[in-house]
Amino acid sequence: MLLLFLTTPAFSQTHLSSDSLFILARNAAFQNHDYALAKQYLYQGIQQSPNYADLWVFMGRINSWEKHYDSASYYFENALKINPEYDDASLGYATMLYWNNAYLKALQICNSGLQYHPESGSLQLLKSKIFVALQSYDSAYAIIQQLIHQKKEMAAVRALAGNIKSVLSKNQIDLSYDFVYFDRQFNNPWHLASIDYGRTTSIGLVTGRLNYANRFNENALQFEIESYPHISKIFYSFINFGYTGNNNGVFPQWRGAFSLYANLPKSFEAEMGLRYLQFGNNPTWLYTAYAGKYYKNWLLGARAYIIPSNYTAKAGVSYSAMARYYLGGAYDFIGISAGYGISPDDRYNAILLDNPANLIAYKAGLLYRKTIGKMNVLSIDANWVNQEYLPNTKGNQYQAGVAWMFRF
């Protein structure tokens with residue numbers, strides 16, 4: 001049963017305007033999380049100003065949060081009757097329907113809103129998500145490409161572009177090569193190469209990889225498998241396992257990783273995870289956290305790694321900051337980075353973590369990535385590291401790499 005109005009509110013606020021009641025309702029909902037009180041204010045506001053669409057929309061949103069979907073639909077529909085052009089009402093109503101898997105009805109509401117607001121990035125993004133849910137990937141991707149061209153300021157746009165591209169091209173092959181030169185620490189440069197094959201499955205992208213490295217005048221191979229399982233519309237994860245049969249120190253004998261990612265409101269993204277490395281009989285766990293923010297064509301992010309004191313003389317910390325400027329699609333950007341310490345995710349450098357001493361390292365890097373045609377991606381990167389490889393003894397390390405990804 002729909003409870004529409006309280007003819008005699010539990011409190012008297014007749015001296016307040018509908019605008020003031022709306023502000024009180026928002027404060028009650030967002031600051032105090034008191035939805036019942038917020039609805040009391042909204043009931044009175046609707047009684048005073050039945051054509052005030054914002055009150056009806058906010059009532060619909062609160063009922064959505066409380067999972068009172070029939071009531072929410074009633075309020076959203078009344079808001080659209082009052083003002084059919086109100087994009088916030090269309091967005092709120094279509095979003096509620098989308099989250100409840102009512103995709104066709106959600107698409108109808110989206111299309112209605114876009115008739116009045118064809119440039120609405122939020123409605124277009126939601127429409128693309130609905131098409132993905134309906135497995136109309138070509139239609140979804142066309143909308144996403146339009147949003148990217150319009151330079152909409154939404155992290156979810158580029159994330160969804162990558163997901164759709166993975167579905168449209170279920171297979172990918174990656175080739176990479178890195179050259180690392182040392183001015184003091186080692187006499188011979190390092191060479192690293194890898195080839196991998198990935199396929200998009202029902203759980204997400206699954207990749208098998210073969211790595212080769214020549215370090216310390218030794219050769220070795222490492223085998224890896226990794227996956228990006230989808231958990232929900234907000235969360236996904238990263239899982240990695242690696243092993244080498246060569247116990248000569250070129251690679252960690254075992255490696256593993258797990259991270260939980262989240263696409264957050266207001267164009268934020270975040271990650272929390274752990275890494276495992278075993279060098280001979282010296283295993284260690286490392287913990288990582290990341291936060292990023294999309295702003296216009298920029299992605300700005302910061303990451304930290306913590307090495308617990310049971311492995312090193314004292315707890316160690318590695319941290320870095322990065323910035324990417326997107327030139328077009330999800331794979332077209334220029335990136336810069338700077339940081340302190342060695343990261344277990346730096347494939348060409350993680351082996352330097354096989355040292356229980358807390359040694360100092362400063363680093364900076366550049367990355368350029370460009371889509372060639374529709375299914376090829378070229379990556380070029382260069383990094384500099386000033387590494388303390390013995391106590392109070394430093395040297396410079398220079399790395400240059402190239403990678404090619406082909407989707408089909």
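Computed from the coordinates by the stated procedures, all read-outs in this text should not be read as laboratory data. Note that this is a predicted model, so its numbers are computed, not measured. Glycine also receives a Cβ, built like all others from the backbone with ideal geometry; neighbour counts cover every protein chain displayed.
Numbers below:
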quantity	calculated
Three-way shape label, the range 171-407, alpha-carbon gyration tensor, a/c 1.5	rounded
Charge sum, other residues only, whose C-beta stays under 10 Å from Val206's C-beta, Lys/Arg counted +1 and Asp/Glu -1	0
Residue-averaged [θ]222 nm for the chain, counting only DSSP H segments that reach four residues, each worth -39500 (n - 2.57)	-9500 deg cm²/dmol
Cα lying deepest toward the dipole's positive end in the chain, options Gly280, Leu123, Phe186, charges on Cβ	Phe186
Summed side-chain charge close to Asn83 - residues other than Asn83 whose Cβ falls under 14 Å, Lys, Arg +1, Asp, Glu -1	-4
Chain lengthening between Asn376 and Lys81 when straightened (0.36 nm per residue, less Cα-Cα)	101.4 nm
Helical segments meeting 15 Å axial Cα length and Kyte-Doolittle 1.0 threshold in the chain (DSSP H)	155-168
In the range 32-133, trypsin sites (Lys or Arg not before Pro) in a DSSP loop with at most 16 other beta-carbon atoms within 10 Å	Lys67
DSSP loop GluC sites (Glu not before Pro) with at most 16 other Cβ within 10 Å: longest gap in the chain	154-408
Residue-span extension gain [His191 to Ile203] - 0.36 nm each, minus C-alpha spacing	0.9 nm
Debye, to nearest 20: dipole size of the chain, +1 on Lys, Arg Cβ, -1 on Asp, Glu Cβ	340
Span from the the range 166-199 Cα centroid across to the the range 63-106 one, whole angstrom	48
Estimated distance in nm for a label pair at Ser136 and Gln48, the labels positioned 7 Å out from Cα along Cα-to-Cβ	4.3
Computed magnitude of the charge dipole of the range 18-168 (debye, nearest 20; Cβ of K, R +1, Cβ of D, E -1)	440
Options Tyr305, Gly328, Gly401, ranked by Cα towards positive dipole end of the range 171-407, top entry (Cβ charges)	Gly328
Set of the range 316-356 residues, backbone N closer than 14 Å to the point 7 Å along the Cα-Cβ line of Ala302	318-323, 338-340
Full-extension gain in nm, Asn246 to Leu168, via 0.36 nm per residue minus C-alpha separation	24.3 nm
Top positive-direction residue, dipole computed over the chain with Cβ charges, set Pro229, Tyr243, Trp56	Tyr243
Surrounding net charge for Asn386, when Lys and Arg each add one and Asp and Glu each subtract one, Cβ distance under 9 Å	+1
Integer Hz, Karplus 6.51/-1.76/1.60 couplings in order for the range 175-184, x for Gly and Pro	10, 8, 9, 10, 10, 10, 10, 10, 7, 9
